[in-house]
1. Please tell me which of these pairs span more than 20 angstrom C-alpha to C-alpha: K130/K197; K23/K228; K13/K77?
2. Using a/c under 1.5 as the rounded threshold, could you call the range 153-223 rounded, prolate or oblate? The axes a ≥ b ≥ c are square roots of the C-alpha gyration tensor eigenvalues, and prolate needs a/b larger than b/c, oblate otherwise.
3. At a 10 angstrom cut-off on C-beta neighbours, averaged per residue, how do the peptides 140-146, 38-44 rank from highest to lowest?
4. Full-extension gain between L19 and A168, please, as 0.36 nm times their residue separation minus the C-alpha to C-alpha distance.
5. Mind sorting Y65, Y8, Y119 by how few other Cβ atoms lie within 10 Å of their own Cβ, fewest first?
6. Could you calculate the contour length gain from S135 to D188, that is, 0.36 nm times the residue separation minus the distance between their Cα atoms, to one decimal place in nm?
7. Using a cut-off of 9 Å between beta-carbons, work out the net charge of the residues near A131 (Lys and Arg +1, Asp and Glu -1, A131 not included).
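Computed from the coordinates by the stated procedures, all read-outs in this text should not be read as laboratory data. Since this is a predicted model, take the numbers as computed values, not measurements. Here Cβ is always computed from backbone atoms with ideal geometry, including for glycine, and neighbour counts include all displayed protein chains.
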Amino acid sequence: MEEKSEVYVPRVKLGTQGLEVSKLGFGCGGLSGILNAPLSHEAGCSIVREAFSRGITFFDTADVYGENHDNEYMVGKKVPDIMNRFRICSNPTPTMTHVPKRIQERENERDLGIGLVAYSPLGHGFFGGKAVVESLPTESLLAAHPRFMGENLEKNKLLYSRFANLAAKHACTPAQLALAWLFHQGDDIVPIPGTTKLKNLDSNIGALAVKLTEEDLKEISDAVPIDKVSGQRDMDVMANYSWKFADTPSK
């Protein structure tokens, strides 16, 4: 059994408008399915409560996650004991996506003191090893994502292997290295990875303990060049599902 990380999630100022959130957020969409089989409300609430107990205070949900507002109901109605003590972001509008390209495009916003929320910071599970070292989850739409299909997947496996070698160098997992890279881009960027497993939650929190130098950051960026990832970054099947990330261009 893996040991539980003792890292506690600190707070940061997200932008200059006074909003204080945990340095690591939690994307709740996966609790209601699409990327994996949906959890029961009881199981989903257990994950949310554990995340909160570890210091996560920023939870991202949306009215289109799950059928009939299922995710908002799960998060907002089923955890009343902590609902008034954390920040819930119900997200009908675009959030920051697809790092690092989006970070580069949004330097002007950062200059204005606008905080950035990094959606899908693990590439829909790619940096967690999805379709590379483990199979895609059952009942997942990821099988229809170009990143995980055919020749694209074979090319991306090479990038993953290169990235995994760097993770081993830093004594962490590839997912932790991806999050650590983000943490080192500044306190005005808050990633919101989601998971349905407590061991993954613990692993994500553990990424806060990974320390990187400027040389490390460059080496990581060079290992996975933006223009070398194969498969469009958006998922048409998700768009058809009415996910409202209109800010995310296809490539």
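1. Correct reply: K23/K228; K13/K77.
2. It is oblate, given that a/c is not under 1.5 and a/b is not larger than b/c.
3. For the peptides 140-146, 38-44, the packing ranking is 140-146, 38-44.
4. Here the answer is 50.1 nm.
5. Y8, Y119, Y65
6. Contour length minus Cα-Cα distance gives 15.7 nm.
7. Every neighbour counted, the sum reads +2.
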